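Q: If you scroll down you'll find the structure; I have some questions about it.
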Amino acid sequence: MRTAKITRQTGETDITVELNIDQQIGIAIDTGVGFFNHMLTLFAKHGRFGLVVKAKGDLDVDVHHTVEDTGIVLGQCFAKALGNKVLIERYGNAFVPMDETLAQVTVDLSGRSYLVFNADLANPRLGIYETEVTEDFFQAFAFNNHMNLHANVVYGRNTHHQIEALFKATGRAMRQAITINPAIQGVNSTKGVI
């Protein structure tokens, strides 16, 4: 069973993430940021992950530390749960429509950290969630999972729909990438390690 539980405490946040990438047993998200809770729930549902997130942050300042630090811990959990990445597909790609919006996310669990993020998020706030931190979340997630992550809103008007489509597509792309394929010998790289 590929699972991980990590707690990270700083002067700004206290975050615990429990992840089960093989069974969608339990999704419970509590970050203090309603919109972000919704996005992480969608990510887990569409990726078919068991995910529990408990985050306390300095929301009196803003949501940045809570959102970014959750991305850090979530990325660390995936890296831990995947271990040496033997037999995984490694690559994943998903297009997700959300009404007028279309998003595409492509991932490579390569061991190399990189983010490409293309989204014009016109509405700066959704509830207390500051939409510019969406890119910070994906960067923290990608860099702590040592992966390439290309997140693109192909087109769209509604900022909620754009971000929602990105989180759903990321869950679906991750599901493809972490899938075990018995036909793969070792790791899916000519280098012999990823």
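Q: Once phi is turned into θ = phi - 60°, what whole-Hz ³J(HN,Hα) does the Karplus curve with 6.51, -1.76 and 1.60 give for every residue of region 35-46, x standing for Gly and Pro?
A: 4, 5, 4, 4, 5, 5, 5, 5, 4, 5, 4, 7
Q: While we're on this one: Just rank Lys168, Lys191, fewest to most, by other beta-carbon atoms within 10 angstrom.
A: Arranged by neighbour count, lowest to highest, Lys168, Lys191 become Lys191, Lys168.
Q: Right, here's the next one. In terms of Cα to Cα distance under 19 Å, which lysines are near enough to Lys56, apart from those fewer than 8 places away along the same chain?
A: Cα-Cα hits under 19 Å: Lys5.
Q: At a 10 Å Cβ-Cβ cut-off, how would you order Ile6, Ile27, Ile15, fewest neighbours first?
A: In increasing order of surrounding Cβ atoms, one gets Ile27, Ile6, Ile15.
Q: Note down the net charge around Glu12, summing +1 for each Lys or Arg and -1 for each Asp or Glu among other residues with Cβ under 12 Å from its Cβ.
A: Working: positive: Arg8, Lys56; negative: Asp14, Asp58, Asp60, Asp62, Glu68, Asp69.
Computed value for this residue: -4.
Q: Please list the non-local residues whose amide H lies under 5 Å from the amide H of Ile27, H modeled 1.01 Å from N, same-chain partners needing a gap of 5 or more.
A: Leu51
Q: Let me ask you something else. To the nearest 10 degrees, how steep is helix 159-178 against the longest Cα principal axis of the chain, on a 0 to 90 scale?
A: Taking the Cα atoms of the chain, the angle to 159-178 is about 20 degrees.
Q: Give me, ordered by chain and number, the residues 5 or more places off Tyr129 or on other chains with an amide H under 5 Å from its own placed amide H.
A: Phe35
Q: Would you look at the GNM of the chain, springs on alpha carbons closer than 10 Å, and say which of His38, His146, His65 moves the most?
A: His38
Q: Taking the structure as given and computing Rg and Dmax of the Cα atoms in Å, which label from (1) 16.3, 55; (2) 17.8, 55; (3) 15.8, 51 fits?
A: Here Rg and Dmax of the Cα atoms in Å agrees with entry (3).
Q: Could you tell me how many degrees, from 0 to 90 and to the nearest 10, lie between the Cα long axis of helix 64-82 and the main elongation axis, the longest principal axis, of the Cα atoms of the chain?
A: The angle comes out at about 10 degrees.
Q: Something else about it: Which residue fluctuates the most in the chain, going by a Gaussian network model with Cα springs under 10 Å, if the choices are Leu19, Leu166, Leu87?
A: Leu87
Q: Then there's this: Counting other beta carbons within 10 Å of each residue's own, what order do Arg175, Arg112 fall into, fewest first?
A: Fewest-to-most Cβ neighbours within 10 Å comes out as Arg112, Arg175.
Q: Using a simple spin-label model with points 7 Å from Cα along the Cα→Cβ vector, what separation in nm is obtained for Thr7 and Asp60?
A: Going from the Thr7 label point to the Asp60 one covers 2.3 nm.
Q: Let me ask you something else. Round to a whole angstrom and tell me the spacing of the C-alpha centers of region 1-76 and region 119-136.
A: One Cα centre to the other: 18 Å.
Q: Output the relative contact order of the chain, whole-number percent, from Cα pairs under 8 angstrom with separation of 6+ residues.
A: Here the relative contact order equals 27 percent.
Bear in mind these aren't lab numbers, they're just calculated from the coordinates by the rules spelled out. The model shown is predicted, which means the values in this text are computed figures rather than measured ones. A quick note on method: Cβ atoms are made from the backbone with ideal geometry, for glycine too, and the neighbour counts reach across all protein chains shown.
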